[in-house]
Structures are given as structure tokens and as C-alpha cells.
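Working notes, structure below.
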Amino acid sequence: MNFDRYPAWTLARGWFAAVLVAVAFVAASAVQAANFQPLEIATKNGVQVFAVEMATTEEEKQTGLMYRKELADGKGMLFDFSPEQEVTMWMKNTYISLDMIFIRADGRILRIAENTEPMSTKIIPSRGLAKAVLEVPAGTAQKYGIRPGDRVAHPLFGGK
């Protein structure tokens, strides 16, 4: 064995192991991010179905959809703020415009903040008690006729 090559091989194996660990971490994160739950909103125009990621931990709620470059139609993130409370949101480090749908504990929509401004630190309040906030791509509320008072069906509200 050529001992001049041995330290280089050891270093290469270390880098290779680090790359494998990084790839496994990214793959695990992608699988977690792809864990969607169905959520339905009953509107005057019919029932609209969304696939939502859940934000339940403090870290998930603080990060939300920050740093994402896109959010497909029919997708969203549901923030659990149980118990019902005054909620404030912002768009810091969020590159895409969103509709924020504030939802009461009974599953009724309290308020909708439409077409929020990307990267803004302006506070967006619930203006009443909310148990959850659903973030969807900007224009979704208008596109599907989603209005305050519409009912949201999801296990968080005791439904589906």
C-alpha cells in the first residue's frame, strides 16, 4: 500500500460520509415537507379542497412559508394557534404573495387578508379570536369565492 495516498483516501471517505449524511437530511426534510393533509372550504360556489402542510410547533409557526419560491394552486399551510386567540402574522422573508385566511375555533372563516406584500414586516392581525390561519397563494380567495363566514373542514376544527 502506498502510504502517501492513505491520508487522502481517509479524507475523501470523510467527505463522502458527510455528503451522504447531508443528502439523507435533505431527503428526510423533503419527505416531511411533502406530508400534506386535506382541508375543505365550503363556499357558495361549492367545496374547494386543499392539501395543507401543518405548522404546529413554535419553530414551524415562526418559519411558515419563509424562503419558498413557489406555492402551487391547491396547496397551503395551516397554522395551529390553539387555543383560540388574537393572532398576528407578517411576511418577513416570504418571497411569494399569499392570502391569509383566519379561522375561528368553530371552523368559520373570520377574516381574509388578500394579496399580502412579500418580504413585508407589516403586522397582519386576525381582528378577532382565531384558532388557525391558512396561507394559500395570493388570489386564491377571489378565484374560488372564499369569504368570511365560509366553513372550513379539517380535524383541527373537529371535522373531517
Taking the square root of 5λ for each eigenvalue of the C-alpha gyration tensor of the stretch 75-160, the equivalent ellipsoid has semi-axes, largest first and in whole angstrom, of 20, 15, 11
Karplus-derived 3J(HN,Hα) from phi for the stretch 68-80 (6.51 cos²θ - 1.76 cosθ + 1.60, θ = phi - 60°), whole Hz, x at Gly and Pro, runs 6, 9, 7, 8, 5, 4, x, 10, x, 10, 10, 9, 8
For R108, which sequence-distant residues (separation of 5 or more, or a different chain) have an amide H within less than 5 Å of its own amide H, given hydrogens modelled in the peptide plane?
-> V152
Near the amide H of A132, under 5 Å away, which other amide H atoms are found, from residues 5 or more places off or on another chain, if H is placed in the peptide plane?
-> F81, I103
Thinking of the stretch 53-121 as a set of Cα atoms, what percent of all their pairs are more than 15 Å apart?
-> 55 percent
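Say the cut-off is 27 Å between C-alpha atoms; which of K44/K75; K44/K122; K44/K131 go over it?
K44/K122
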Tally Lys and Arg at +1 and Asp and Glu at -1 over the other residues with C-beta under 13 Å from the C-beta of T116: what net charge comes out?
-> -1
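Net charge near T43: determine it from the other residues with C-beta under 14 Å of the C-beta of T43, scoring Lys and Arg +1 and Asp and Glu -1.
Net charge in that neighbourhood comes out at +2.
Any read-out appearing in this document is the output of simple, stated calculations on the displayed coordinates, not a laboratory observation. Note that the structure is predicted; figures quoted are calculated from it, not measured. Glycine also receives a Cβ, built like all others from the backbone with ideal geometry; neighbour counts cover every protein chain displayed.
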